[in-house]
Amino acid sequence: MRGIIKEHIGFGWQIWTLSLLELKAMCKGSILGFAWLALKPLITLLMFWFTMLAGIRASSMIAGFPRFDFMLAGFIAWFFMRDMIIGGAKCIRKNSQYVTKISFPISVVFTFTAISKFIVHMGLVILMYIYLILAGYRPSVYHIQFFLYAALMFLFFLACSWTLGSWSVFSRDFQNFVSSIVTGVFWVSGVLWDSRNVDNRWLHYFVMLNPVNFFVNGYRKTFLYQEWFWRDGKELLIFFAEFLIVLCIGAYNYKKTRKDMADVL
């Protein structure tokens, strides 16, 4: 961890500039430009919402809230986590020029990739907040929890990318494996359903161990449930234990692989 922090010292401006360039690359060649960063998630959300109501004919209410509002809070968190998982696994290969052609701290590649995803996430959160206000939800002191959940989510999946990105350099199969399991993670993470209303004991424990579910419910606690993050102390303790494990594993894997990345690429 000390080595990763030292690699970032003096690169603040470069990290920010490269994050913006990463954003521009996402929209390169499209007529609507940055609008697609909001339109693509919105189209996905509307498709799931319509399928639930018209296709599956599920109830229009879930956990006491309109289904669209319930799904919206979960999807906004999920879109960022999905992009961090897939983008984190691909970021070193995608930006291999910074590893093979110039002297550049490799850990910075993970960071500017994550920041570019986080900028998009903040834009989507602002749009969500405007919608919720217009839909009748009042501003609340509980909303300040967003900054805690957003910061933890950024750091947790940045640490994940240290492992995912490092291993993907040495195995394209691992990168493909990560991309293939993201859909499965989505379906078991309570984005579409109320994970707090699970009767099965073992499924309940599985849900508590799922960090994606922690953040999905965290956003709902912040914007819908009006609950403080410390209400479920066991869930919070489990998450921080997982965070520490992911942090240690990520730092270890990065340290063990960074010197060989250039040769492999």
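For segment 227-259, how many residues are aliphatic (A, V, I, L, M), without any contact (Cβ under 8 Å) to a residue 12 or more places away in the chain and either closer than 10 Å to TRP162 by Cβ or touching a helix residue (DSSP H, G or I) at 6+ places or on another chain (Cβ under 9 Å) (or both)?
Summing the residues that are aliphatic (A, V, I, L, M), without any contact (Cβ under 8 Å) to a residue 12 or more places away in the chain and either closer than 10 Å to TRP162 by Cβ or touching a helix residue (DSSP H, G or I) at 6+ places or on another chain (Cβ under 9 Å) (or both) in segment 227-259 gives 1.
Which one of the conditions (1) within 13 Å of the chain's Cα centre (by Cα); (2) buried (at least 18 other Cβ atoms within 10 Å of the Cβ) does ALA151 fail to meet, given that it meets all the rest?
(2)
List the pairs whose first member sits in segment 32-52 and is within 15 Å of LEU124 (Cα to Cα), whose second member is modelled with pLDDT of 80 or more and not acidic (Asp, Glu), and whose Cβ atoms are under 6 Å apart, counting only residues at least 6 apart or on separate chains?
These pairs meet every condition: LEU37/VAL120; PRO41/PHE79; LEU45/PHE75.
I want to confirm something. Restricting to segment 132-148 and keeping residues that are more than 18 Å from TRP230 (Cβ to Cβ) and surrounded by 13 or more Cβ atoms within 10 Å (Cβ to Cβ), which single residue is modelled with the highest pLDDT?
Checked segment 132-148; the qualifying residue modelled with the highest pLDDT is LEU132.
Report the residue count in segment 58-85 for those that are part of a helix (DSSP H, G or I) and of a type outside the set (Phe, Trp, Tyr).
Within segment 58-85, residues that are part of a helix (DSSP H, G or I) and of a type outside the set (Phe, Trp, Tyr) number 13.
Quick check: anything in segment 81-91 modelled with pLDDT of 90 or more, within 19 Å of PHE223 (Cα to Cα), of a type outside the set (Val, Ile, Thr) and in contact with a helix residue (DSSP H, G or I) (Cβ under 8 Å, 6 or more places away or on another chain)?
Scanning segment 81-91, I find at least one residue that is modelled with pLDDT of 90 or more, within 19 Å of PHE223 (Cα to Cα), of a type outside the set (Val, Ile, Thr) and in contact with a helix residue (DSSP H, G or I) (Cβ under 8 Å, 6 or more places away or on another chain), so the answer is yes.
Which numbered condition in (1) in contact (Cβ under 8 Å) with a residue 12 or more places away in the chain; (2) loosely packed, with under 13 Cβ neighbours inside 10 Å is the only one that LEU158 fails?
(2)
Since GLY165 meets every condition but one in (1) more than 14 Å from the chain's Cα centre (by Cα); (2) assigned to a helix (DSSP H, G or I); (3) surrounded by 15 or more Cβ atoms within 10 Å (Cβ to Cβ); (4) without any contact (Cβ under 8 Å) to a residue 60 or more places away in the chain, which condition does it not meet?
Looking at each condition in turn, GLY165 falls short on (4).
Out of all the residues in segment 68-81, is one or more buried (at least 16 other Cβ atoms within 10 Å of the Cβ), of a type in the set (D, E, K, R) and touching a Leu at 6+ places or on another chain (Cβ under 7 Å)? If you could, list the steps in order and put the result at the bottom.
Here is the first cut: in segment 68-81, the residues buried (at least 16 other Cβ atoms within 10 Å of the Cβ) are 68-81.
Keeping just the survivors that are of a type in the set (D, E, K, R) gives 69.
Okay, now just the ones that are also touching a Leu at 6+ places or on another chain (Cβ under 7 Å), so 69.
Checking segment 68-81: at least one residue is buried (at least 16 other Cβ atoms within 10 Å of the Cβ), of a type in the set (D, E, K, R) and touching a Leu at 6+ places or on another chain (Cβ under 7 Å).
Of the residues ILE85, ILE9, which single one is crowded, with 18+ Cβ neighbours inside 10 Å and either of a type outside the set (Val, Ile, Thr) or out of contact with any Lys or Arg (no Cβ under 9 Å at 6 or more places or on another chain) (or both)?
One residue alone meets the criteria, ILE85.
Would you please name the residue that is nearest to MET47 (Cα to Cα), looking only at residues in segment 182-211 that are at pLDDT below 85 and part of a helix (DSSP H, G or I)?
Once the filter is applied, the top-ranked residue is VAL207.
The values are calculated or read from the model by the stated rules, or taken from the named source; none is laboratory data. All of these numbers come straight from a predicted model, not from anything done at the bench. Backbone-built Cβ (ideal geometry, glycine too); neighbour counts: all protein chains shown.
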